[in-house]
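Notes to accompany the following structure.
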Amino acid sequence: MRQKLIAGNWKMNGLSEEGLRLAEGIVDRRLRDIEHGGEISRACELLLCPPFTLLAQIRPFLGGTGIALGGQDCHPELSGAHTGDISAAMLMDLGCEYVIVGHSERRQDHGESDDLVRAKANAALQAGLTPIVCIGETESQREQGQTQAVLRSQLEGSLPELDGREAMRLVVAYEPVWAIGTGKSADVQDVTDAHSGIRSYLAECFGSDLAQGVRVLYGGSVKPENAAKLLSLDNVDGALVGGASLKLEDFWAIATSCP
Ligand code: 13P
């Protein structure tokens with residue numbers, strides 16, 4: 001059985017004081033849960049993806065908690081003359097275990113192509129990180145009935161080159177662009193269809209047994225009110241949470257919604 005992954009993508013939010021307070025709050029909840037038998041900790045793995053600037057400061061708080069740390073992006077090469085960029089090897093060096101690649105905000109704001117996302121995911125694997133590869137259709141693609149075709153084409157273009165036996169080292173996040181930051185989450189049918197399409201594609205790539213090992217997260221306006229419903233769906237193996245991950249109570253409520 002796949003353990004659920006609840007990941008907080010803080011995006012470009014968090015100066016030291018508030019960022020550390022939030023991380024400390026999550027650590028505190030987690031430790032209290034462990035003390036009381038660890039029911040929530042068994043139900044889900046927690047991952048924090050703060051901005052790069054806070055990774056080194058947050059890392060020491062996470063020791064002994066099992067809470068993982070991740071970057072929000074990486075360069076497709078592991079080192080070199082790329083002013084201002086951060087490599088997957090650097091994230092690994094800071095104690096990260098995961099990195100998000102191909103988030104729609106990067107695809108949009110920085111014109112990132114599927115090819116580039118694939119190169120970043122390959123670099124992540126090479127450095128020893130687990131890439132969280134984001135895909136998702138826009139509102140107009142959805143209205144034109146293109147969701148499944150768009151997801152398939154993004155998967156074809158952006159998944160890393162991975163031996164099937166290593167498929168467990170991959171996480172896919174379905175984040176419909178129209179649901180991100182809008183308060184309007186995809187409904188049960190949208191999510192069910194998208195996630196089963198993704199699982200079928202993974203089965204074509206890796207065979208159905210190995211495809212079962214890949215976690216497929218949902219992201220887009222996940223909040224305490226809709227988390228339990230979304231997280232109980234087949235093929236939904238966790239959530240990639242934006243806005244609600246910046247509020248301790250909300251993030252923790254989402255984590256405690258894992259069945
Ligand atoms: P929101 O949860 O704010 O909609 O953001 C989702 C997201 O983009 C997570 O990566």
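Look at the range 239-249 and say how many of its residues are near the ligand (Cβ under 10 Å from one of its atoms) and of a type outside the set (A, V, I, L, M).
3
Residues being open to solvent by 60 Å² or more (accessible area, probe 1.4 Å), part of a helix (DSSP H, G or I) and farther than 20 Å from Leu240 by Cα: count how many of those fall in the range 97-116.
Result for the range 97-116: 1.
Confirm whether Asn122 is crowded, with 16+ Cβ neighbours inside 10 Å, away from the ligand (no atom under 16 Å from the Cβ) and closer than 25 Å to Gln72 by Cβ. Quick ask: steps written out before the conclusion?
On the way: crowded, with 16+ Cβ neighbours inside 10 Å: yes; away from the ligand (no atom under 16 Å from the Cβ): yes; closer than 25 Å to Gln72 by Cβ: yes.
Yes.
Among (1) under 16 Å from the mean Cα position of the chain (by Cα); (2) open to solvent by less than 40 Å² (accessible area, probe 1.4 Å), where does Thr65 come up short?
Of (1) under 16 Å from the mean Cα position of the chain (by Cα); (2) open to solvent by less than 40 Å² (accessible area, probe 1.4 Å), only one is false for Thr65: (1).
Restricting attention to the range 59-96, which residues are closer than 18 Å to Ala119 by Cα, aliphatic (A, V, I, L, M) and in a loop (DSSP other than H, G, I, E, B)?
Passing the criteria: Leu78, Ala81, Ile86.
Which condition number in (1) modelled with pLDDT of 95 or more; (2) open to solvent by 10 Å² or more (accessible area, probe 1.4 Å); (3) closer than 25 Å to Gly14 by Cα is the one that Ser87 fails?
Checking Ser87 against (1) modelled with pLDDT of 95 or more; (2) open to solvent by 10 Å² or more (accessible area, probe 1.4 Å); (3) closer than 25 Å to Gly14 by Cα, the one that fails is (2).
Anything in the range 1-33 that is in a loop (DSSP other than H, G, I, E, B), within 16 Å of the ligand (Cβ to nearest atom) and under 15 Å from Ala68 (Cα atoms)? List them, or say none.
Trp10
Tell me, please, whether a residue that is out of contact with any helix residue (DSSP H, G or I) (no Cβ under 7 Å at 6 or more places or on another chain), part of a helix (DSSP H, G or I), open to solvent by less than 70 Å² (accessible area, probe 1.4 Å) and closer than 23 Å to Leu170 by Cα can be found in the range 35-44.
Yes, because at least one residue in the range 35-44 is out of contact with any helix residue (DSSP H, G or I) (no Cβ under 7 Å at 6 or more places or on another chain), part of a helix (DSSP H, G or I), open to solvent by less than 70 Å² (accessible area, probe 1.4 Å) and closer than 23 Å to Leu170 by Cα.
Only one of these is within 23 Å of Ala119 (Cβ to Cβ), within 16 Å of the ligand (Cβ to nearest atom) and within 16 Å of the chain's Cα centre (by Cα): Val222, Val236, Val216. Name it.
Every option except Val216 fails the conditions.
Among the numbered criteria (1) in contact (Cβ under 8 Å) with a residue 40 or more places away in the chain; (2) in contact with a Ser or Thr (Cβ under 8 Å, 6 or more places away or on another chain), which one does Leu248 miss?
Status for Leu248: all satisfied but (2).
Among Ala88, Ala7, which is farther than 13 Å from Ser245 by Cβ and of a type in the set (Gly, Ala, Ser)?
One residue alone meets the criteria, Ala88.
Residue check, Leu129 against (1) over 13 Å from the mean Cα position of the chain (by Cα); (2) more than 12 Å from the ligand (Cβ to nearest atom); (3) surrounded by 19 or more Cβ atoms within 10 Å (Cβ to Cβ), all met but one. Which one?
It is condition (1) that Leu129 fails.
With the requirement that a residue be more than 16 Å from the ligand (Cβ to nearest atom) and in contact with a helix residue (DSSP H, G or I) (Cβ under 8 Å, 6 or more places away or on another chain), what does the range 97-116 give you?
Answer for the range 97-116, where residues must be more than 16 Å from the ligand (Cβ to nearest atom) and in contact with a helix residue (DSSP H, G or I) (Cβ under 8 Å, 6 or more places away or on another chain): Ser113, Asp114, Asp115.
The values are calculated or read from the model by the stated rules, or taken from the named source; none is laboratory data. Everything numeric here is computed off the predicted structure, so don't read it as measured data. All Cβ positions, glycine included, derive from the backbone under ideal geometry; neighbour counts span all protein chains shown. We work out accessible area using only protein heavy atoms, side chains counted, and drop any ligands, DNA or RNA first. Shrake-Rupley method; radii C 1.70, N 1.55, O 1.52, S 1.80 Å.
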